[in-house]
Amino acid sequence: MAQTEQQVAQLEAAGITVVVSEATDIEGVYTAIEMIGALVGRDAEAETLIAGMQNDFAELSAQAAGSGKSVYFEVSPLQYGLWTAGKGTFMDEVAQILGLTNCFDDVDGWAEVSQEQVIARDPDYIVTISMYYGEGLTPAEEICAREGWQDIDAVKNGAVLNLPDNQLTRPGP
């Protein structure tokens, strides 16, 4: 039995009702919000929240239509091996909404890639979710300082972004 299943079983054995939400995409987030709204008697608020999200995504998609730009998602820093988000990930779905092409949309799920692959794909944007602990180079500075990366469009144009990981790595209500 998986650890999550064991934890749920222990809580239920203690008389606690457990509801699990495992959203893996934006549609799953909508479903989770509907479920939570129903559980707490807030159906109308859940519907309003979902409608607002759908409207925001539609506006973002319309603004970005036809940009032709590409993005590389770096989910782990070079020192741990470069890992990226490929096709079928939440990050890829967000890229599509924003009218961006994921540089690694030919890879399923999470994958380790090489520096040479990133350089060859020459992304317009680089988005990293590496954590920064206040010492040394920031994750964006470290990326820009890598040997051979100075000719990547994202580096040349200052389009290297470091986001808190929970904002982009997983969907959640």
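The values are calculated or read from the model by the stated rules, or taken from the named source; none is laboratory data. Fair warning: this is a prediction, and the values are worked out from it, not measured in the lab. Here Cβ is always computed from backbone atoms with ideal geometry, including for glycine, and neighbour counts include all displayed protein chains. What goes into the accessible areas is simple: the full protein's heavy atoms, side chains included, and nothing from ligands, DNA or RNA. Shrake-Rupley method; radii C 1.70, N 1.55, O 1.52, S 1.80 Å.
Hey, among the residues in region 81-96 that are charged (D, E, K, R) and free of Cβ contacts under 8 Å to residues at least 60 places away in the same chain, which one's most open to solvent (accessible area, probe 1.4 Å)? Step through it out loud before you land on a result.
First, the residues of region 81-96 that are charged (D, E, K, R): 87, 92-93.
Checking which are free of Cβ contacts under 8 Å to residues at least 60 places away in the same chain leaves us with 87, 92.
Details: 87: 96, 92: 9 Å².
Once the filter is applied, the top-ranked residue is 87.
Pull up region 69-80, narrow it to residues that are open to solvent by less than 70 Å² (accessible area, probe 1.4 Å) and modelled with pLDDT under 90, then point me to the one that is nearest to residue 25 (Cα to Cα). Before the answer, list the steps.
The initial filter retains those residues of region 69-80 that are open to solvent by less than 70 Å² (accessible area, probe 1.4 Å), namely 70-78.
Add one more test, that the residue is modelled with pLDDT under 90, and what stays is 75-78.
On the way: 75: 17, 76: 21, 77: 24, 78: 27 Å.
In this case the residue turns out to be 75.
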Next item on the list: Inspect all residues belonging to region 81-93 and state whether any of them is among the β-branched types (Val, Ile, Thr) and in a helix (DSSP H, G or I).
Entry: no
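Which of the following residues is among the acidic types (Asp, Glu), touching an Asp or Glu at 6+ places or on another chain (Cβ under 7 Å) and either closer than 30 Å to residue 54 by Cβ or at pLDDT 95 or above (or both): 106, 165, 124? Full working, then the answer.
Details: 106 fails: touching an Asp or Glu at 6+ places or on another chain (Cβ under 7 Å); 165 fails: touching an Asp or Glu at 6+ places or on another chain (Cβ under 7 Å).
Result: 124 is the single residue among 106, 165, 124 that is among the acidic types (Asp, Glu), touching an Asp or Glu at 6+ places or on another chain (Cβ under 7 Å) and either closer than 30 Å to residue 54 by Cβ or at pLDDT 95 or above (or both).
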Next item on the list: Report, by residue number, each residue of region 94-136 that is part of a strand (DSSP E or B) and either aliphatic (A, V, I, L, M) or within 18 Å of residue 66 (Cβ to Cβ) (or both).
Entry: 101, 102, 111, 125, 126, 127
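Tell me the residue from 104, 57 that is among the aromatic types (Phe, Trp, Tyr) and crowded, with 16+ Cβ neighbours inside 10 Å, please.
Answer to the selection: 104.
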Checklist line | Residue list for region 1-47, filter: closer than 19 Å to residue 57 by Cβ, acidic (Asp, Glu) and part of a loop (DSSP other than H, G, I, E, B) | finding: 25
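Can you say whether residue 160 is of a type in the set (Val, Ile, Thr) and without any contact (Cβ under 8 Å) to a residue 40 or more places away in the chain, as far as the supplied structure shows?
Numbers: of a type in the set (Val, Ile, Thr): yes; without any contact (Cβ under 8 Å) to a residue 40 or more places away in the chain: yes.
Criteria met by residue 160.
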Notebook entry, point to check: Quick one: how many residues across region 19-53 are over 21 Å from residue 92 (Cα atoms), within 23 Å of the chain's Cα centre (by Cα) and surrounded by fewer than 12 Cβ atoms within 10 Å (Cβ to Cβ)?
Noted result: 3
Check: For region 129-146, does any single residue satisfy the condition of being surrounded by 15 or more Cβ atoms within 10 Å (Cβ to Cβ), within 23 Å of residue 57 (Cβ to Cβ) and either touching a Lys or Arg at 6+ places or on another chain (Cβ under 6 Å) or in contact (Cβ under 8 Å) with a residue 24 or more places away in the chain (or both)?
Finding: yes
